[in-house]
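Step one of this worksheet: look at the structure below.
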There are 2 protein chains.
Amino acid sequence: MKLGLRPATMTHAELEEGKTLQLDFTKLQKVANCGADVLPAIAQDAQTGEVLIVGYANQLAFETALECGMATFWSTSRNELWIKGKTSGDYLKIQEVCVNCEQNSILYKVTPAGKGACHTKNQAGVARSGCYYRRVRDDGTLEFINDEQR
Amino acid sequence: MKLGLRPATMTHAELEEGKTLQLDFTKLQKVANCGADVLPAIAQDAQTGEVLIVGYANQLAFETALECGMATFWSTSRNELWIKGKTSGDYLKIQEVCVNCEQNSILYKVTPAGKGACHTKNQAGVARSGCYYRRVRDDGTLEFINDEQR
């Protein structure tokens, strides 16, 4: 299976709700181009184990997370601190912060304080708990991992 | 808490087994400098939910993973394809591959075929199941998340 480049015409709805696989392999070049020194920061639901979201953290985001107890990222698109859900109240309360063997990524184990950690919503209008709601099928298209996510 | 830069003298043993937190926030700059177009690729144990490892995948790694059914990364340090555990037999058998909302990261849900997914070993000499075996304490040092990891 060969995957093409992401069409410039792909809408947000197609990208987020569609069945067409169009991975953006230039992501980390874009991240690096934001100029901030960041590492990957994963948020995982401490109770269910669901991987909720992957973002990026610089030193400020990391220190802010430890201080305020909410999963915090550095928005590499807006180039600003992003305490996820702080404004809405749907923040991710930190249970523990783990580091990997080589100390070049972090794992926030969290309890979601409110609605889903993903900015998308299912057809019922409910925020999805996490961002990984679709899987790759054998034919290279995407499908929702269950009806609740659809 | 202010964190210093990683001391040049920090050994692998200190980095991987020690209690000193020294995150490498330059990681994604290094990844970008490898020249490959990559996105973050997380491997999670499909049964236990444990986040095992975070690596990077380019299009070749992603396609290889789908074809061979083993979690595959692009080694950004060696700049080569890395089918994790293929040689040793301790590969990560893919159960499903999920993509996030914005299609700029992937999640391998896997069943470890052999020993731990981390290259480090605990004091008993057993490979650790995953890389996130230490958490950050309130005083900014690290501790093992349980005795088994120590």
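Just so it is clear, none of the values below were taken in a lab; they were calculated from the coordinates. The structure presented is a predicted model; accordingly, all values stated were derived computationally and were not measured. Every residue, glycine among them, receives a Cβ derived from its backbone with ideal geometry; neighbour counts consider all protein chains shown.
Starting from the amide H of A:ILE53, placed 1.01 Å from N in the peptide plane, find each other amide H under 5 Å away whose residue is 5 or more places distant or on another chain.
A:ALA43, A:CYS131
What shape does segment A:73-121 have by the C-alpha gyration tensor, where a ≥ b ≥ c are the square roots of the eigenvalues, rounded means a/c under 1.5, and otherwise prolate means a/b greater than b/c and oblate the rest?
oblate
What Rg and what Dmax come out for chain A when only alpha-carbon atoms are used, in angstroms?
Over chain A's Cα set, Rg and Dmax evaluate to 16.1, 46 Å.
How tilted is helix B:59-68 with respect to the longest principal axis of chain B? Cα atoms for both, answer in degrees (0 to 90, nearest 10).
With rounding to tens, the tilt is 70 degrees.
Placing the label point 7 Å from Cα along the Cα-to-Cβ direction, what are the distances from B:ALA124 to the equivalent spots in the other copies, shortest first, in nm to one decimal?
Going from nearest to farthest copy, the values are 4.3 nm.
Semi-axes of the equivalent ellipsoid of the protein assembly as shown: what are they in whole Å, largest first, if each equals the square root of 5 times a C-alpha gyration tensor eigenvalue?
Working: eigenvalues 149, 108, 73 Å².
Ellipsoid semi-axes (Å, largest first): 27, 23, 19.
Relative contact order for segment B:1-90: what is it in percent, counting Cα pairs under 8 Å that are at least 6 residues apart?
Across segment B:1-90, relative contact order equals 18 percent.
Can you tally the lysine pairs in segment A:13-128 where the Cα-Cα distance is under 25 Å and the two residues are eight or more apart, or on different chains?
Step by step, the pairs that qualify in segment A:13-128 add up to 19.
Give or take rounding to whole Å, what are the principal axis extents of the alpha carbon atoms in segment A:32-114, in descending order?
34, 33, 21
Given bins 5 angstrom wide, list per bin the percent of all Cα-Cα distances in segment A:7-69, short to long.
For segment A:7-69, the binned pair fractions read 4, 13, 16, 19, 19, 16, 10, 4, 0 percent.
Return the loop-located trypsin sites (Lys or Arg not before Pro) in segment B:9-66 (DSSP other than H, G, I, E, B) with at most 16 other Cβ atoms within 10 Å of their own Cβ; answer none if there are none.
For trypsin sites (Lys or Arg not before Pro) across segment B:9-66 that sit outside H, G, I, E and B with at most 16 neighbouring Cβ atoms in 10 Å, the list reads B:LYS19.
Name the residues whose placed amide hydrogens come within less than 5 Å of the amide hydrogen of B:CYS34, ignoring near sequence neighbours (fewer than 5 apart) on the same chain.
Here the answer is none, since no amide H 5 or more places off falls under 5 Å of that of B:CYS34.
What value, in deg cm²/dmol to 500, does the helix sum -39500 (n - 2.57) over DSSP H runs of n ≥ 4 give at 222 nm once divided by the residues of chain B? Mind dumping the intermediate values first?
Details: 3 runs with 23 residues, N = 150.
Helices in chain B give a 222 nm mean residue ellipticity of -4000 deg cm²/dmol.
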